[in-house]
1. Can you give me the Kirkwood hydrodynamic radius for the protein assembly as shown, using every pair of distinct Cα atoms, in Å to one decimal?
2. For chain B, take the convex hull of the Cα atoms, compute a quarter of its surface area, and give me that in nm², please.
3. Just tell me how shielded A:214-221 is by partners: mean number of partner chain Cβ atoms within 10 Å of each residue's Cβ, no decimals.
4. What are the residues whose amide H is under 5 Å from the amide H of residue A:206, where those residues sit 5 or more places off or on another chain and H is modelled from the backbone?
5. Spelling out what I want: for every residue of region B:251-260, take phi, set θ = phi - 60°, compute 6.51 cos²θ - 1.76 cosθ + 1.60 (Karplus), and round to whole Hz; glycine and proline get x.
6. Can you tell me what percent of all Cα-Cα pairs in region A:166-205 are more than 11 Å apart?
7. Counting only other residues whose beta carbon sits under 12 Å from that of residue B:28, what net charge do I get with K and R as +1, D and E as -1?
8. Tell me the label-point distance for the pair residue A:181, residue B:108, using the 7 Å Cα-to-Cβ offset, in nm and rounded to one decimal.
Amino acid sequence: MKDKVIEVQDMVKRFGSFVANDHLTFDVYRGEIFGFLGANGAGKTTAIKILCGLSRPTSGKVIVAGTDAFRSPEEIKKKIGYMSQRFSLYEDLTVSENIEFYGGIYGMTRKEIFPRMDLLIRKLDFESYRNTLIHDMPLGLKQKLAFSIAVFHGPEIVFLDEPTSGVDPITRRQFWEMIYETARNGITVFVTTHYMDEAEYCNRVTIMNEGRIEALDTPTRLKEIYGVSNMEELFLKITRPQNNKA
Amino acid sequence: MNTAVEASHITHRFGSTVALDDISFKIGEHELFGFIGPDGSGKTTLFRIITTLLVPDKGSMTVMGRDTIKEFRSLRSEIGYMPGRFSLYQDLTVEENLNFYATIFGTTIKENYHLIEAIYSQIEPFRKRRAGALSGGMKQKLALSCALIHKPSLLVLDEPSTGVDAVSRAEFWEMLYKLRDEGITIVVSTPYMDEAMRCDRIALIRNGKTLGIDTPDNVRKKFTQKLFAVSSPDIYSLLLALRSMPAVNSAFTFGENIHVTIAPGKTIDEVERSLAEKGFTDAKINGIIPGVEDTFLELTQK
């Protein structure tokens, strides 16, 4: 049996009378690239906040990295990495200061941080940027650094919320190569995107609509099931069902 | 065709950073013109110059034949601008925002309602909601309504579709076509290469320079090499294998395929043989027609 890193059963989140997440049920397996897709307002951000321990579900069972999101959301935060579309790096700190800061936040000791920082800087080919302020770095490099920092403390799972929004085609592809490499090293990648070609790069994809999960499978299987030739058509079919009746 | 926007040798610096480097172009009236390029390529700086909000270090810009520096006051009522960052009043309601913009331009919602009806009707049920509490898609629709309410001749949209889902983006473009057909010139920027095909003409922009201005179809034809799509279930292993082959010039992922060009003097047959040797017996190879994104990748590799 596959090793589950995220286990969600009948998860509901209400804001007043509005049901943002309507009985979500899904599992995410270790080392998988899990694509979380949906239209704006479908409830993706609400679900991610719960999975990251930032918000509590109204009801249901949510286990992330072996930890219950109901009882100990604080514990979850230590076991995950997170990167949002607008990066979380400090513009007025240098590359090495940002790495040190985030390592510290995640409870790493200086003895752990510095050797790993050297490795990372070499791997990224960032020697000449070590003491550069984030503010002065090209966007593509910031993006790579933000991702590297999100996995620096060796989390079991990393959440990437629209990580490639507004990035140029080359950097976008290089970014996905980092995602592949990370997944190969056993870190689970949970990613949202509005680029439908990127949906193809995921091992499995969910498509949310109006608070529910409408589809969940490999991209190939989903295209077969819905009888479409690409992910864009699939997305259209699921998020705008009224257009297909005509 | 009359010229709506004309840039002549525009250069602009921020400290030591050259944001725009000697850019010239002409945009015709009633054209839907796209600037296609990544963050940091200079699109926003250019748009701020077009909309009279920024004075360039060098060069000149005219809109509807009028100079953007000397005649900025009269031009501002001709231009509708939707900045990349949501810039409406978060603590005013949907309706109050629209009313505010109509009033400062000396018009009323009623007078130009026909222009915004298709867009605004979708958010009208929420007209009493504060703008700050709207979803991303609704904010976008409100911002467009506010940019249009004074019936501008030129509409400038800075990345209106970034962060918007694929289906809403397609609907947004349908709205832009309607506005163009009403006679409004539209200048739009986007990091999405598939949206380039939707424009009448495009300029690829990178590092403050244009890499070519033409119809999307002609930009596509600038691709100089033969292009192949290669696919196999394990796309990452396939990518690494292709990259390691001397016969492969470039290999980029495109959804379920990898787009491959061949090194000088080599053939696709050699790639096919190497793939078989490496155990990719199920790999499929097809010759394909390049898209705008392929051209952009090729141009930026040079």
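1. 25.3 Å
2. Details: hull surface 73.4 nm².
Here the figure is 18.4 nm², rounded to one decimal.
3. Taking all residues of A:214-221 together, the mean is 1.
4. Counting only residues 5 or more places away or on other chains, the set is A:35, A:36, A:37.
5. 9, 10, 6, 9, x, 7, 10, 10, 8, 10
6. Counting every Cα pair in region A:166-205, those more than 11 Å apart make up 66 percent.
7. So the environment of residue B:28 carries a net charge of -1.
8. With each label point 7 Å from Cα toward Cβ, the separation is 6.3 nm.
FYI, it's all coordinate maths here, none of it is from the lab. Values in this document were obtained by computation on a predicted structure and should not be read as measured data. With ideal geometry, Cβ positions are generated from the backbone for all residues, glycine too; neighbour counts draw on all protein chains shown.
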